[in-house]
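Here is the structure we will look at, set down as C-alpha coordinates.
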Amino acid sequence: MIDASQQSISRWHVGFLGANRSLWVDRFSPIGFLHCLAFAFHAESGVWLAYDVCRQRTFVYGISPDVFVDWLVARKEQDVMRVLAVATSNDGAALTGLSGLYCVSAVKHLVGSQSRALRPIALWRDLLAAGAVEVFGNEE
(Lines give C-alpha, C1' and ligand atoms only; values in the text may rest on other atoms or scores of the structure.)
Protein backbone atom coordinates (compact mmCIF):
# COMPACT_ATOMS: atom_id res chain seq x y z
CA MET A 1 0.00 0.00 0.00
CA ILE A 2 1.25 3.48 -0.83
CA ASP A 3 1.24 6.07 1.93
CA ALA A 4 -0.45 9.12 0.43
CA SER A 5 0.73 11.34 3.29
CA GLN A 6 4.26 11.36 1.89
CA GLN A 7 5.27 12.76 -1.43
CA SER A 8 6.80 9.81 -3.23
CA ILE A 9 7.45 11.40 -6.62
CA SER A 10 10.10 14.09 -6.50
CA ARG A 11 10.49 14.54 -10.27
CA TRP A 12 7.92 14.56 -13.04
CA HIS A 13 8.58 14.58 -16.75
CA VAL A 14 6.43 17.01 -18.69
CA GLY A 15 5.94 16.21 -22.35
CA PHE A 16 5.08 19.00 -24.78
CA LEU A 17 3.45 18.22 -28.12
CA GLY A 18 1.99 20.29 -30.86
CA ALA A 19 3.67 20.71 -34.20
CA ASN A 20 0.94 18.78 -36.01
CA ARG A 21 -2.03 21.12 -36.17
CA SER A 22 -5.09 19.08 -37.03
CA LEU A 23 -8.07 20.91 -35.55
CA TRP A 24 -9.47 24.21 -36.76
CA VAL A 25 -9.06 25.69 -33.27
CA ASP A 26 -5.30 25.05 -33.48
CA ARG A 27 -5.04 27.96 -35.91
CA PHE A 28 -5.62 30.35 -33.02
CA SER A 29 -2.52 29.14 -31.17
CA PRO A 30 0.81 30.78 -31.85
CA ILE A 31 3.67 28.67 -33.13
CA GLY A 32 4.80 26.29 -30.43
CA PHE A 33 3.28 23.56 -28.38
CA LEU A 34 -0.45 22.83 -28.34
CA HIS A 35 -0.60 20.21 -25.56
CA CYS A 36 1.27 19.00 -22.50
CA LEU A 37 1.09 15.92 -20.29
CA ALA A 38 3.07 14.55 -17.35
CA PHE A 39 4.59 11.21 -16.44
CA ALA A 40 6.82 9.88 -13.66
CA PHE A 41 8.22 6.63 -12.34
CA HIS A 42 6.70 5.56 -9.03
CA ALA A 43 9.40 3.46 -7.38
CA GLU A 44 7.21 1.99 -4.63
CA SER A 45 4.79 0.41 -7.11
CA GLY A 46 7.30 -0.11 -9.93
CA VAL A 47 5.17 1.54 -12.63
CA TRP A 48 5.23 4.70 -14.70
CA LEU A 49 2.31 7.02 -13.99
CA ALA A 50 0.99 9.18 -16.81
CA TYR A 51 -1.45 12.07 -16.43
CA ASP A 52 -3.01 13.48 -19.58
CA VAL A 53 -5.86 16.02 -19.57
CA CYS A 54 -7.32 16.02 -23.10
CA ARG A 55 -10.25 17.71 -24.79
CA GLN A 56 -12.44 14.64 -24.40
CA ARG A 57 -11.52 13.65 -20.82
CA THR A 58 -8.70 13.09 -18.34
CA PHE A 59 -6.57 9.96 -18.65
CA VAL A 60 -4.49 8.48 -15.84
CA TYR A 61 -2.35 5.49 -16.75
CA GLY A 62 -0.26 3.05 -14.77
CA ILE A 63 2.26 1.72 -17.30
CA SER A 64 4.64 -1.16 -16.62
CA PRO A 65 8.30 -0.38 -17.39
CA ASP A 66 8.47 -2.94 -20.21
CA VAL A 67 5.56 -1.24 -22.04
CA PHE A 68 6.45 2.37 -21.17
CA VAL A 69 8.97 2.84 -23.97
CA ASP A 70 6.37 1.67 -26.50
CA TRP A 71 3.82 4.13 -25.04
CA LEU A 72 6.32 7.00 -25.25
CA VAL A 73 7.36 6.12 -28.81
CA ALA A 74 3.70 5.94 -29.88
CA ARG A 75 3.09 9.44 -28.49
CA LYS A 76 6.26 10.72 -30.15
CA GLU A 77 5.28 9.26 -33.52
CA GLN A 78 1.94 11.10 -33.41
CA ASP A 79 3.64 14.46 -33.10
CA VAL A 80 6.86 16.24 -32.23
CA MET A 81 7.51 15.72 -28.53
CA ARG A 82 9.95 17.39 -26.19
CA VAL A 83 10.24 16.47 -22.52
CA LEU A 84 11.39 18.45 -19.49
CA ALA A 85 12.39 16.91 -16.13
CA VAL A 86 10.76 19.01 -13.41
CA ALA A 87 11.52 18.83 -9.70
CA THR A 88 8.25 18.68 -7.79
CA SER A 89 7.63 21.65 -5.53
CA ASN A 90 5.98 21.38 -2.13
CA ASP A 91 5.32 25.12 -2.08
CA GLY A 92 2.03 24.65 -3.88
CA ALA A 93 0.95 25.57 -7.34
CA ALA A 94 -0.24 28.97 -8.45
CA LEU A 95 -3.99 29.38 -8.20
CA THR A 96 -5.51 27.80 -11.27
CA GLY A 97 -9.14 27.49 -10.26
CA LEU A 98 -10.32 30.36 -12.42
CA SER A 99 -8.77 28.95 -15.57
CA GLY A 100 -10.57 25.60 -15.52
CA LEU A 101 -9.21 22.12 -15.98
CA TYR A 102 -7.14 21.77 -19.12
CA CYS A 103 -3.66 20.43 -19.84
CA VAL A 104 -1.64 23.44 -18.66
CA SER A 105 -3.54 24.07 -15.42
CA ALA A 106 -3.52 20.35 -14.60
CA VAL A 107 0.23 19.94 -15.15
CA LYS A 108 1.03 23.11 -13.18
CA HIS A 109 -1.03 21.84 -10.27
CA LEU A 110 0.47 18.34 -10.43
CA VAL A 111 4.11 19.49 -10.31
CA GLY A 112 3.48 22.42 -7.95
CA SER A 113 4.55 25.09 -10.44
CA GLN A 114 4.13 28.77 -9.61
CA SER A 115 3.80 29.52 -13.33
CA ARG A 116 0.96 31.78 -14.46
CA ALA A 117 1.08 30.24 -17.97
CA LEU A 118 -2.17 29.68 -19.84
CA ARG A 119 -0.66 27.97 -22.90
CA PRO A 120 1.75 25.06 -23.24
CA ILE A 121 4.48 27.16 -24.87
CA ALA A 122 4.41 29.61 -21.93
CA LEU A 123 4.56 26.74 -19.43
CA TRP A 124 7.57 25.35 -21.33
CA ARG A 125 9.37 28.69 -20.93
CA ASP A 126 8.39 29.09 -17.26
CA LEU A 127 9.50 25.58 -16.31
CA LEU A 128 12.86 26.09 -18.03
CA ALA A 129 13.30 29.41 -16.22
CA ALA A 130 12.50 27.64 -12.91
CA GLY A 131 15.26 25.07 -13.46
CA ALA A 132 13.67 22.26 -15.49
CA VAL A 133 16.00 20.40 -17.84
CA GLU A 134 15.20 19.10 -21.30
CA VAL A 135 15.78 15.34 -21.25
CA PHE A 136 14.22 14.22 -24.51
CA GLY A 137 13.24 15.84 -27.76
CA ASN A 138 12.62 15.18 -31.39
CA GLU A 139 12.49 18.00 -33.84
CA GLU A 140 10.66 18.03 -37.13
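The values are calculated or read from the model by the stated rules, or taken from the named source; none is laboratory data. These numbers were taken from a predicted model, which means no experiment stands behind them. Reconstructed Cβ throughout: ideal geometry from the backbone, glycine too, with neighbour counts over all protein chains shown.
Taking the condition of being in a loop (DSSP other than H, G, I, E, B) and either surrounded by 19 or more Cβ atoms within 10 Å (Cβ to Cβ) or touching a strand residue (DSSP E or B) at 6+ places or on another chain (Cβ under 7 Å) (or both), how many residues in segment 110-127 meet it?
Of segment 110-127, the ones in a loop (DSSP other than H, G, I, E, B) are 112-119.
Next, from what is left, pick out any that are either surrounded by 19 or more Cβ atoms within 10 Å (Cβ to Cβ) or touching a strand residue (DSSP E or B) at 6+ places or on another chain (Cβ under 7 Å) (or both): 113, 115, 117.
Total meeting the criteria: 3.
One residue is enough: does segment 59-68 have a residue meeting the conditions modelled with pLDDT under 85 and of a type outside the set (A, V, I, L, M, F, W, C)?
no
May I ask you to list pairs of residues, at least six apart or on different chains, whose Cβ atoms are under 6 Å apart, with the first in segment 111-126 being among the small types (Gly, Ala, Ser) and the second being crowded, with 19+ Cβ neighbours inside 10 Å and in a helix (DSSP H, G or I)?
Ser115/Lys108; Ser115/Leu123; Ala117/Val104; Ala117/Leu123
Every residue, every condition in (1) at pLDDT 95 or above; (2) of a type in the set (Val, Ile, Thr); (3) surrounded by 12 or more Cβ atoms within 10 Å (Cβ to Cβ); (4) over 16 Å from Gly137 (Cβ atoms), yes or no:
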residue: Arg21; (1), (2), (3), (4): no, no, yes, yes
residue: Cys36; (1), (2), (3), (4): no, no, yes, no
residue: Arg57; (1), (2), (3), (4): no, no, no, yes
residue: Lys76; (1), (2), (3), (4): no, no, yes, no
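Is it fair to say Phe68 is outside any strand (DSSP E or B), touching a strand residue (DSSP E or B) at 6+ places or on another chain (Cβ under 6 Å) and either closer than 19 Å to Leu123 by Cα or of a type outside the set (Asp, Glu) (or both)?
Answer is yes for this residue.
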